[in-house]
Structure formats: C-alpha cells, structure tokens
Amino acid sequence: MPTPLVLVLDVHALLDDTAVGKAAATSLMEEARGLEALRKEISVAAAELSKGKQPQGAAIEADAATKLQQGLVALERKRQQLRRAMLARAIPIVDELRKKKRATVVVEASAALSFDPEADITKEVATRVDALGPLQIPQA
C-alpha cells in the first residue's frame with residue numbers, strides 16, 4: 001500500500017487574502033460603517049436624555065438600539081453566508097486538486113505542525129477561486 005499523500009490548505013489565507021475574500025470584507029466593512037452611524041445616534045440621544053433636553057430621547061435611544069442590534073445580527077449573518085459561499089466555491093477545487101495530485105486528504109494548514117511547502121495548495125486554490133469572480137449570496 002503506498003504512503004498516503006497529505007496536502008494542506010490555509011483556509012484563513014483563502015478567506016482573507018484572495019481578491020474575492022477582500023471584496024467580501026470590504027462589503028462587510030461598509031455595512032459596519034452604517035451601524036457606526038446608529039451607534040452615534042444612540043450616544044447623542046443618551047446625552048440629550050441625560051441633560052433633559054429631549055423628552056422623547058428614551059424612545060429614540062431604544063429605537064436606535066434595536067436597529068443597531070438588528071444590524072449587527074444581519075451583519076454577522078452576512079459574514080457567515082460569505083464564509084460558507086467561499087468554502088462552497090473552494091471545496092470542489094480542493095477535491096479536484098486532491099484527486100489530480102493523488103492525495104489521500106487535505107488538511108487545514110494550521111492543523112499541521114510541519115509540512116513541505118510543496119504540499120500547500122493554497123495559492124492554486126486562491127487563484128482559481130478568484131477567477132470565478134465575486135461571491136453571490138442567495139437572498140433569503
């Protein structure tokens with residue numbers, strides 16, 4: 001029986017360093033900036049309320065806080081969807097490379113204590129993932 005061949009993939013690099021991953025992160029950061037505006041609205045309403053200048057300040061503060069919480073939940077949901085979409089795109093490529101290189105298994109690079117750089121398929125997977133264009137998230 002031949003010695004099993006193991007390949008490695010740096011999933012974090014795939015998510016963070018590819019053009020597709022960076023575009024997804026930029027999209028998330030833009031949404032986060034919008035949530036920052038809500039956070040500022042809460043701070044202003046709280047300050048006005050504490051000074052007694054705005055009687056409806058509590059209602060404004062509560063409404064903005066609810067919107068902020070909903071926005072944070074939606075942002076986390078989108079982050080998870082983008083991650084799943086990236087991995088769904090990468091897995092068939094990884095499997096194809098595993099078969100082509102006659103490997104037995106592909107492990108996450110951080111799980112390997114030591115490996116030959118020749119076993120690392122991250123760059124090849126990243127190139128092919130990026131070639132497929134921006135990620136599409138199914139609308140719920």
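Among K78/K123; K22/K100; K100/K123; K40/K78; K22/K78, which pairs are too far apart, with a Cα-Cα distance over 21 Å?
K78/K123; K22/K100; K40/K78
Positive end of the charge dipole of the chain (Lys, Arg +1 and Asp, Glu -1 on Cβ, about the Cα centre): tell me which of S43, F115, G71 has its Cα farthest that way.
Most positive-ward Cα: G71.
Projected onto the charge dipole of segment 6-131 (+1 at Lys/Arg Cβ, -1 at Asp/Glu Cβ, origin at the Cα centre), which of I91, A32, V8 gives the Cα projection farthest towards the positive end?
Towards the positive end, the residue furthest out is I91.
Can you grab the distance from the C-alpha centre of segment 1-31 to the C-alpha centre of segment 56-124, Å, no decimals?
If you average the Cα positions of each part, the centres end up 7 Å apart.
In whole Hz, what ³J(HN,Hα) sequence does segment 9-22 give by Karplus (6.51, -1.76, 1.60; θ = phi - 60°), x for Gly and Pro?
My calculation for segment 9-22 gives 9, 8, 5, 4, 5, 4, 6, 9, 10, 7, 4, 5, x, 5 Hz in order.
Could you give each residue of segment 74-87 its phi-based ³J(HN,Hα) in whole Hz, using Karplus coefficients 6.51, -1.76, 1.60 with θ = phi - 60°, and x for Gly or Pro?
In residue order, the calculated couplings are 5, 5, 5, 4, 5, 4, 5, 5, 5, 4, 5, 5, 5, 5 Hz.
For Cα Rg over 2.2 N^0.38 Å, pick the label among [x] 1.07; [y] 1.21; [z] 1.55 that corresponds to the value derived from the coordinates.
Derived directly from the coordinates: [z].
Dipole size in debye (nearest 20) for the chain around its Cα centre, Lys and Arg Cβ +1, Asp and Glu Cβ -1?
300
Amide H to amide H, which residues 5 or more places from V8 or on other chains are under 5 Å from it, using H placed in the peptide plane?
Under 5 Å from the amide H of V8: V107, D120, I121.
Tell me, what HN-Hα J-couplings in whole Hz come from the Karplus equation 6.51 cos²θ - 1.76 cosθ + 1.60 at θ = phi - 60° for each residue of segment 129-136, using x for Gly and Pro?
Values, residue by residue: 5, 5, 5, 7, x, x, 6, 10 Hz.
Take every Cα pair under 8 Å in the chain that's 6+ residues apart, average their separations, divide by the length, and report that relative contact order as a whole percent.
Taking the mean separation of contacting Cα pairs over the length of the chain, I get 46 percent.
Computed from the coordinates by the stated procedures, all read-outs in this text should not be read as laboratory data. The structure displayed is predicted, hence computed values, not measured ones. Here the Cβ is made from the backbone with ideal geometry for all residues, glycine too, and neighbour counts use every protein chain on show.
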